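A.B. asks: Supplied in structure tokens, the structure appears directly below.
The values are calculated or read from the model by the stated rules, or taken from the named source; none is laboratory data. Predicted model, so just to flag it, every value in this text is computed and none were measured. Neighbour counts run over all protein chains shown; Cβ positions are idealised from the backbone, glycine included. All accessible areas refer to the heavy atoms of the entire protein, side chains included, with ligands and DNA or RNA removed. Shrake-Rupley method; radii C 1.70, N 1.55, O 1.52, S 1.80 Å.
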Amino acid sequence: MKYENTSLNDVYIITPPVFGDNRGYFMESFNKKKLEKIIGPVNFVQDNQSLSSKDVIRGLHYQAPPYAQGKLVRVIKGSVNDVIVDIRRNSSTYGKSLKVFLSAENFKMLWIPPGFAHGFETLEDETIFAYKVTNYYNKESEGSIKWDDPTLSIEWETQNPSTSEKDKEGELFENFCSLF
């Protein structure tokens, strides 16, 4: 596994070795020992998967403490621009965002520790997005920051995205009070 530091503290882009031949390919998508050497102890409790058509934006979502979630995200089919925002108020990268292109063809994964708002935009039809989480979902702890927040200035490629009502009603970052 190759681990790349990013511009945001504690966030890593992970690229596994992929072994391919005329039959297809094999890759190890998760290895607890190898990941823990980089990020420390981790305990994934749930795997999630979504299917989206092209030009869907999901996010920017987070789970507040004590139900905060670390995520290991990847694309099984299609491609996305994955976007995270550091919402840890004592972090030197608080309020900063990062966009990473993830696809079924580049095999990249992104480790997102607790304390980040997360979202993605799909760049292809029938995109399958998968992620492991370190804590169970809790409805009362969920939050959403507006995906098109002017303060964050995230450059989305999608011009007329399809979003959920929850995402349309997300909180503006200037009004956001972090619990992290």
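A.B. asks: In the chain, carbon and sulfur make up what percent of the accessible area (probe 1.4 Å)?
C.D. replies: 47 percent
A.B. asks: So if I place +1 on the C-beta of Lys and Arg and -1 on the C-beta of Asp and Glu, and nothing else carries charge, what would the dipole magnitude of the stretch 33-163 be about its Cα centre? I want it in debye, nearest 20.
C.D. replies: 660 debye
A.B. asks: Could you tell me which GluC sites (Glu not before Pro) in the stretch 1-44 are loop residues by DSSP with no more than 16 other beta carbons within 10 angstrom of their beta carbon?
C.D. replies: For GluC sites (Glu not before Pro) across the stretch 1-44 that sit outside H, G, I, E and B with at most 16 neighbouring Cβ atoms in 10 Å, the list reads 28.
A.B. asks: Calculate, for the stretch 1-106, the solvent-accessible area per residue in square angstrom, rolling a 1.4 angstrom probe over the heavy atoms of the protein chains.
C.D. replies: That works out to 55 Å² for each residue.
A.B. asks: Which lysines have a Cα less than 25 Å from the Cα of residue 139, not counting those fewer than 8 places away in the same chain?
C.D. replies: Leaving aside lysines fewer than 8 places away in the same chain, those within reach of residue 139 are 71, 166, 168.
A.B. asks: May I ask for the distance between the Cα centers of the stretch 36-63 and the stretch 105-172, given as a whole number of Å?
C.D. replies: 9 Å
A.B. asks: Running a GNM on the chain with Cα contacts under 10 Å, which residue among 152, 110, 72 ends up with the highest mean-square fluctuation?
C.D. replies: Checking each option, the largest mean-square fluctuation is seen for 152.
A.B. asks: Still on this structure: When the chain is modelled as a GNM with alpha-carbon springs shorter than 10 Å, which of 52, 92, 103 fluctuates the most?
C.D. replies: Result for the chain, Cα springs under 10 Å: 92 fluctuates most.
A.B. asks: Within 10 Å of each candidate Cβ there may be at most 11 other Cβ atoms; applying that plus a DSSP loop requirement, which chymotrypsin sites (Phe, Trp or Tyr not before Pro) in the stretch 61-156 survive?
C.D. replies: Listed in order of number, the matching sites are 136.
A.B. asks: Another one. Suppose only helical runs count, i.e. DSSP H with n ≥ 4. What mean residue ellipticity at 222 nm does that imply for the chain under -39500 (n - 2.57) per run, divided by all residues and rounded to the nearest 500 deg cm²/dmol?
C.D. replies: After summing the helix terms and dividing by residue count, I get -1500 deg cm²/dmol.
A.B. asks: Same structure again: Charges on Cβ only, +1 for Lys and Arg, -1 for Asp and Glu, centred on the Cα centroid of the chain; of 120, 147, 20, which one is farthest towards the dipole's positive end?
C.D. replies: Result: 20.
A.B. asks: Can I ask one more? If you take the square roots of the eigenvalues of the alpha-carbon gyration tensor of the chain and sort them as a ≥ b ≥ c, do you get rounded (a/c under 1.5), prolate (a/b over b/c) or oblate?
C.D. replies: Note, shape of the chain comes out oblate.
A.B. asks: Please name which of 94, 72, 83 has its Cα lying farthest along the dipole of the stretch 69-121 towards the positive end, using unit charges on Cβ (Lys, Arg +1; Asp, Glu -1) and the Cα centre as origin.
C.D. replies: Projecting each Cα onto the dipole axis, the largest value belongs to 94.
A.B. asks: May I pose another question? Can you give the longest run of the chain that contains no trypsin sites (Lys or Arg not before Pro) sitting in a DSSP loop with at most 13 other Cβ atoms inside 10 Å?
C.D. replies: 90-180
A.B. asks: Going through the stretch 69-128, which GluC sites (Glu not before Pro) have at most 14 other Cβ atoms within 10 Å and a DSSP loop state?
C.D. replies: Hits after loop and neighbour filter: 105, 126.
A.B. asks: How large is ³J(HN,Hα) for each residue in the stretch 159-170, as worked out from phi by the Karplus curve 6.51 cos²θ - 1.76 cosθ + 1.60 (θ = phi - 60°), to whole Hz, x for Gly and Pro?
C.D. replies: Using θ = phi - 60°, the values come out as 7, 10, x, 8, 9, 7, 4, 4, 6, 5, 9, x Hz.
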